[in-house]
Each structure stands twice: as C-alpha cells, then as structure tokens.
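What follows is one structure encoded as structure tokens, with my remarks underneath.
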Amino acid sequence: MKKPCILCVAITGSLPTKADNPAVPISLQEQIESTQSAFEAGATIAHCHVRNDDESPSSDPEKFLRLMEGIKKTCPDMIIQFSTGGRGRSHEERGQMLFLKPDMASLATGSVNFPTSIYENPPSLINDLANSMQNHSIKPEVEIFDLAMLYNAIQMVKDGLLLEPVHVQFVFGIRNALPAKKNILEFQIDELKK
C-alpha cells in the first residue's frame, strides 16, 4: 500500500533576496507563479511569506490577501498557510493577518537561537497566536525547532490551546538548534505519540 506524501513549499521564505539569488520570487506575482509551478509538480501546501518593497519580511494583511487570492485563483485545491514568523516584525504585527482565515498558519511554540539572532516567541505571544488561530478556525502548523517546543506543544494540547490532531513540522539543521539526525527525529515522534 502506498502512503500519501504531503509536500509543503515555502516559495520565498523570509530571508533570501534577489541579491542572494535573482530567481527568488519576491513580488506577489512572482510568488503566485512559482506556487502554481510547485502545485502542478505535486505540492499541496503553500507556506506563504510576504515582503515589503525593500524585500524585508512583512506581515501586511493587504499583501497576504492579494497573495491568497492569487493562489486560490491559480491553485484552487492548494492549502494556504500564512507565516507568523518573527524576523523583522514586532509581536503585534505577527498575527495581524489571521483575520483573513487562511487554511493554516505557522506557530512556533518557543524561542530558539538562530545563527545570528534569537527567534523570540514568548509564552504570551504563542498563546495569543494560538487563540487567534482557534477563533478564526485556522489549523496551526506547530513548528518544532528545539526539544522544549515539543513539550510546550503537548502542554498546549492539554490546556486546550491546540486542538487534536496536531499538525507538527520538525525543523532540523539550523545552526544552534536541533541537528538533522534520524535518532532525534525518531525520539521526537515517539514523544509526540505519548
């Protein structure tokens, strides 16, 4: 029996710029076209970031709305997931687009050291984002960058802040966080099942 595979694509991410790679899709139209190509190749979830005119990360609801509308038009069956990531944005900005009710949104359940900065996710922000996602019927994609985040997510389920079944993304290979090792993945999956 074949097992289904879900392919999630982050077309642009929050950091790469045209200076890093001229092919990085930054404008909304470039992102819509790249998402359509990924959809036609089999991707089913689009993890969406939007950018300011200077290519820096943005949480602008108008940009998210236009991106979502474009993806829905060109990829009607694609699951749309907004990023609530924090690079370059205040805590207040990070969830301001959730009223648009995408299918999913990212939710990091703790803070972690990145190579040159701290990815700050204090408990009050995590809870506010989780509550907003529940209020707007958005499925969180729980991002696990470090082991403590897994246990925080498990506690959030117990507290009713996350509804089962929980959609979890294990993130590996970022310097200063979890290394990409099979035994660590297996351990986390076993802990999640308990």
Next item on the list: Which order do the peptides 66-78, 91-103 take when ranked by the mean count of other beta-carbon atoms within 10 Å per residue, highest first?
Entry: 91-103, 66-78
Next item on the list: Keeping to pairs on different chains or 8 or more places apart, tell me how many lysine pairs in the stretch 37-194 have Cα atoms under 15 Å apart.
Entry: 6
Checklist line | Highest-MSF residue in the chain out of T35, T84, T17 [GNM, Cα springs under 10 Å] | finding: T17
Next item on the list: Could you work out which residue, out of A19, A180, A41, moves most in a Gaussian network model of the chain, that is, has the largest mean-square fluctuation with Cα springs under 10 Å?
Entry: A19
Note to self: Let's test the formula: R0 of 22 Å, r as the Cβ-Cβ distance of K73 and L15. What FRET efficiency results, to the nearest 0.05?
What the structure shows: 0.20
Next item on the list: Could you check what % of the DSSP bridge pairs in the chain are antiparallel, to the nearest 5?
Entry: 20
Check: Full extension from S37 to D103: what is 0.36 nm times the residue separation minus their Cα-Cα distance, to one decimal in nm?
Finding: 21.8 nm
Margin query: Along the Cα→Cβ direction, 7 angstrom out, place labels at R175 and I6. What is the inter-label distance in nm?
Written below: 3.2
Check: When the Kirkwood hydrodynamic radius is evaluated over all pairs of different C-alpha atoms of the chain, what value in angstrom, to one decimal, is obtained?
Finding: 17.3
Notebook entry, point to check: If you average the sequence gap of Cα pairs under 8 Å that are 6 or more apart and divide by the length of the chain, what percent do you get for the contact order?
Noted result: 15
Margin query: So the label point goes 7 Å from the Cα of L185 along Cα→C-beta, right? Which residues of the stretch 141-171 then have their backbone N under 12 Å from it?
Written below: 170-171
Check: Given a 1.4 Å probe and every protein chain left where it sits, what share in percent of the accessible area of the chain is carbon and sulfur?
Finding: 53
Notebook entry, point to check: In square angstrom, what is the accessible area per residue of the stretch 44-146 with a 1.4 angstrom probe?
Noted result: 43
Next item on the list: Output the relative contact order of the stretch 1-73, whole-number percent, from Cα pairs under 8 angstrom with separation of 6+ residues.
Entry: 37
Check: Taking the stretch 110-194, which GluC sites (Glu not before Pro) meet the DSSP loop condition and have no more than 16 other C-beta atoms within 10 Å?
Finding: E120
Margin query: Please compute the modelled spin-label separation between Q29 and T44, points set 7 Å along Cα→Cβ, answer in nm with one decimal.
Written below: 3.2
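The values are calculated or read from the model by the stated rules, or taken from the named source; none is laboratory data. Here the structure is a predicted model, which means the values were calculated and not measured. Virtual Cβ from ideal backbone geometry, glycine too; neighbours counted across all protein chains shown. Ligands, DNA and RNA are excluded from the accessible area calculation, which covers all protein heavy atoms including side chains. Shrake-Rupley method; radii C 1.70, N 1.55, O 1.52, S 1.80 Å.
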